[in-house]
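The values are calculated or read from the model by the stated rules, or taken from the named source; none is laboratory data. Computed from a prediction, not measured in an experiment: that's the story for all the values here. Please note: Cβ atoms are built from the backbone with ideal geometry, for glycine as well, and neighbour counts cover all protein chains shown. Accessible surface areas use protein heavy atoms only, side chains included; no ligands, DNA or RNA. Shrake-Rupley method; radii C 1.70, N 1.55, O 1.52, S 1.80 Å.
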Amino acid sequence: MLDFTQAIIDGIAIGSLYALIAIGYSMVFGVLQFVNFAHGELFMLGAYFVMLFLTMGAPLWVAILFSLLSVGTIAVVIERIAYKPLRKHSRLAPLITAVAMSLFLQNIIQVLFSPNSLSFPINIPGNIVTLGELFVRIRDIGIFSLTLLLAFLLELFLFKTKAGTGIRALAMHADASKLCGVPFNRTVSLTFFIGAVLAVIAGTIQGMATNQIFPLMGVNAGLKAFAAAVLGGIGEIRGAVLGGLVLGISESMLVSYGLSTYKDGFAFVILILVLLIRPQGILGRTQLVKV
Amino acid sequence: MLLVENLSVNYGAIQALKSVNFEIFQGEIVSLVGSNGAGKTTFLRTLSGLVKAKSGKIFFSKSNISNIESHEIVKLGISQSPEGRMVFPDMTVKENLFMGAFCTKNSSQEIQKDIDKMIDWFPRLGERMNQKSILLSGGEQQMLAIARALMARPKLLLLDEPSLGIAPLVVQQIFKIISELNRGGMTILLAEQNARLALKISHRAYVLELGTVIKKGEAQSLLHDDDVQRAYLGG
Ligand SMILES: Nc1ncnc2c1ncn2[C@@H]1O[C@H](COP(=O)(O)OP(=O)(O)OP(=O)(O)O)[C@@H](O)[C@H]1O
Ligand SMILES: [Mg+2]
């Protein structure tokens with residue numbers, strides 16, 4: 001029981017990062033029924049941009065803000081120039097383009113920076129406190145709380161603002177939302193921007209917690225977050241958060257029970273099982289899922 | 001008020017509308033009748049900007065709206081209750097009505113006043129205000145779709161098959177309300193397979209067959225037209 005509880009505690013930080021990335025997959029899927037396979041690269045770009053602005057002498061909050069704006073804009077531009085023109089013609093074409101886009105972004109960062117990992121200029125120390133027999137990293141509690149706060153703010157935005165309501169309406173019924181006056185292109189862009197913002201925050205946390213960033217850091221994180229989004233019910237914000245946490249904690253359990261070799265493959269086992277047994281995911285509704 | 005010239009619409013190789021000419025004046029109810037696949041829905045979707053025309057022009061209050069996006073068209077004053085109702089399933093009735101006013105700049109108080117008007121028109125919706133719209137019956141969803149379209153305070157209301165899949169008694173109620181809306185000054189374009197019902201409440205009508213207007217005229221005279229009777233009114 002002690003191991004079990006400890007594994008949960010150890011898993012929430014990584015689970016939170018999966019959750020933050022998964023929300024982006026989920027929202028974009030919600031509005032376009034499209035999986036942005038380049039989404040993991042936004043996480044990576046976010047970390048690189050923060051590092052770039054930090055080395056230019058910006059204070060951390062400015063670096064993060066600029067990175068959010070830059071990567072958010074990149075996400076919107078990618079959608080406009082690479083996905084949008086293909087949308088009318090087939091569902092497969094944008095998917096393939098997204099995979100190509102992800103390779104492109106990985107490679108451009110390798111060229112501009114270095115194929116090797118770089119050390120991140122700012123780091124959050126991993127101080128540990130003991131709670132009885134349990135070990136808790138204060139940092140992990142912070143990451144978890146921040147994730148819940150961001151998810152809460154996002155829901156507030158989606159339910160209380162006009163633009164957010166537009167996103168929900170578009171996700172429920174695209175044609176009906178257009179007939180009600182929801183501007184389609186602008187709303188899609190906004191969705192990509194929000195997804196990018198959360199991915200950038202996750203990338204920055206990853207950089208600060210592990211102290212290093214590398215051009216392929218978005219690959220693993222992206223695939224796992226995608227699995228998490230499907231697990232929770234793609235299209236559902238709460239599902240993405242839940243799926244991310246469940247995946248992070250499951251991985252940490254595998255490690256604590258001596259099965260760490262299988263850790264990275266576990267997301268795919270989950271992905272396959274969910275698609276076979278409950279394709280709509282934990283919180284999803286059947287009609288929304290068209291994977 | 002609305003003038004359509006030589007409108008042609010294609011879906012890939014399928015020609016859904018072939019050079020359709022159409023006109024509706026302020027204060028009229030005009031119906032567009034025709035059987036399955038005649039092109040009624042395509043016509044309405046094109047007017048609302050959901051489908052792009054291959055050729056032809058659409059004028060609304062004298063300005064060309066042929067290449068304008070859907071969300072701008074609602075703002076100009078053309079609102080649609082679409083085929084299949086398309087209510088937002090996870091939103092309550094009230095939220096759906098609020099969505100109807102999305103295109104406006106109305107304040108919450110003004111929107112609330114409009115909602116009260118909708119409840120006067122459709123008392124059934126009043127009882128269901130806080131229910132998720134997916135839980136409504138087909139007839140109630142149809143009422144909601146019409147009410148949602150009215151929330152935009154349109155100048156022209158497009159209704160696509162409001163009788164589809166609804167019990168006859170409820171259809172009667174809905175058509176009575178449509179008629180009353182028109183007497184209250186609303187200009188209405190009604191697309192219907194149920195020609196008898198549509199012609200009865202309309203001033204004029206167009207008969208569409210395989211994407212072409214084959215007849216048009218006063219609704220009363222079409223109701224007694226031999227061809228129309230044979231093809232659409234069961235003899
Ligand atoms: N999205 C689409 N893609 C391809 N063809 C379509 C599409 N929508 C409609 N069509 C075709 O266009 C033609 C006109 O269809 P439309 O739905 O406009 O007719 P309708 O008069 O509304 O019919 P109904 O009374 O059944 O609603 C039909 O041949 C239909 O098969
Ligand atoms: Mg139709």
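Computed from label points 7 Å out along Cα-Cβ, the spacing between A:Leu95 and A:Ser117 is 3.2 nm. Heavy-atom accessible surface of B:His224, to the nearest 10 Å², is about 120 Å², with a 1.4 Å probe and all protein chains retained.
Computed from label points 7 Å out along Cα-Cβ, the spacing between A:Val269 and B:Lys18 is 6.2 nm. Dipole of the range A:2-277 computed with +1 at Lys/Arg Cβ and -1 at Asp/Glu Cβ about the Cα centre; of A:Asn116, A:Phe43, A:Ala82, farthest Cα towards the positive end is A:Ala82. Evaluated over the range A:2-277, the count of Lys pairs having alpha-carbon atoms less than 30 Å apart is 10 (only pairs 8 or more residues apart or interchain). Interface residues of the range B:102-120, defined as those with an accessible-area decrease of at least 20 Å² between the chain by itself and the complete set of protein chains (probe 1.4 Å), are B:Phe102. Remark: mean inter-chain Cβ contacts per residue of A:167-176 equal 6, using a 10 Å Cβ-Cβ cutoff to other protein chain atoms.
Pairs of alpha-carbon atoms within less than 8 angstrom and 6+ residues apart define the contacts here; what relative contact order does chain B have, in percent?
The normalised contact order for chain B reaches 28 percent.
Computed per residue of chain B from DSSP H runs no shorter than four, each worth -39500 (n - 2.57), the mean residue ellipticity at 222 nm is -11000 deg cm²/dmol.
Peptides A:93-102, B:56-65, B:199-208 ranked from most to least packed give B:199-208, A:93-102, B:56-65, packing being the mean of other C-beta atoms within 10 angstrom over each peptide's residues. Computed over protein heavy atoms with a 1.4 Å probe, the carbon and sulfur contribution to the accessible area of the range A:2-277 reaches 71%. Within straight-line reach of B:Lys216, meaning a Cα separation under 29 Å, sit the following lysines at least 8 residues removed in sequence or on another chain: B:Lys18, B:Lys40, B:Lys52, B:Lys54, B:Lys57, B:Lys62, B:Lys155, B:Lys176, B:Lys200. Here chain B is assigned +1 on the Cβ of each Lys and Arg and -1 on the Cβ of each Asp and Glu. Its dipole about the Cα centre then comes out at about 260 debye. A loss of 40 Å² or more of accessible area (1.4 Å probe, protein heavy atoms, ligands and nucleic acids excluded) relative to the isolated chain is seen in these residues of the range B:38-52: B:Leu50.
Atom-type composition of the exposed protein surface of the range B:92-232 places 52 percent of the accessible area on carbon and sulfur (1.4 angstrom probe).
For the Cα trace of the protein assembly as shown, dividing Rg by the Kirkwood Rh returns an Rg/Rh value of 1.07.
Averaging 1/r over every pair of different alpha carbons in the range A:61-186 and inverting the result gives a Kirkwood radius of 18.9 Å.
Peptide B:77-85 shows a mean partner chain C-beta count of 2 within 10 Å per residue C-beta.
The mean number of partner chain beta-carbon atoms within 10 angstrom of a residue's beta-carbon across peptide A:180-188 is 6. Ranking B:Ile177, A:Val188, B:Ile115 by how far each Cα lies toward the positive end of the dipole of the protein assembly as shown (charges on Cβ) leaves B:Ile177 at the top.
Peptide packing for B:149-158, B:38-47 was compared via the average number of neighbouring C-beta atoms within 10 Å per residue; ordered from the highest value, the list is B:38-47, B:149-158. Packing, taken as the mean count of other beta carbons within 10 Å per residue, orders the peptides B:82-95, A:215-228, A:157-170 from highest to lowest as A:215-228, B:82-95, A:157-170.
Looking at the protein assembly as shown alone, DSSP beta bridges between its own residues are antiparallel in about 60 percent of cases. Ignoring ligands, DNA and RNA and using a 1.4 Å probe, state the total buried accessible area between A and B in Å², rounded to the nearest 100. Using a 1.4 Å probe, the pair buries roughly 1900 Å².
For chain A, what is the calculated [θ] at 222 nm in deg cm²/dmol (nearest 500), taking -39500 (n - 2.57) for each run of four or more DSSP H residues and dividing by its residue count?
On the way: 12 runs with 210 residues, N = 291.
Taken over chain A, the calculation gives -24500 deg cm²/dmol.
What FRET efficiency comes out for the pair B:Leu210/B:Leu76, r = Cβ-Cβ distance, R0 = 30 Å, nearest 0.05? It comes out at approximately 0.50.
Put a plus charge on the Cβ of each Lys and Arg, a minus charge on the Cβ of each Asp and Glu, and nothing anywhere else: the dipole of the protein assembly as shown about its Cα centre is then about 920 debye.
Taking only complete DSSP H runs, can you tell me which helices of chain A stretch 18 Å or more along their own long axis by Cα positions and average at least 1.0 on the Kyte-Doolittle scale? Going by DSSP H runs, the hits are A:2-32, A:39-55, A:60-78, A:92-112, A:138-160, A:184-210, A:217-232, A:237-256, A:263-277.
On a per residue basis, the protein assembly as shown carries 44 Å² of accessible surface, using protein heavy atoms and a 1.4 Å probe.
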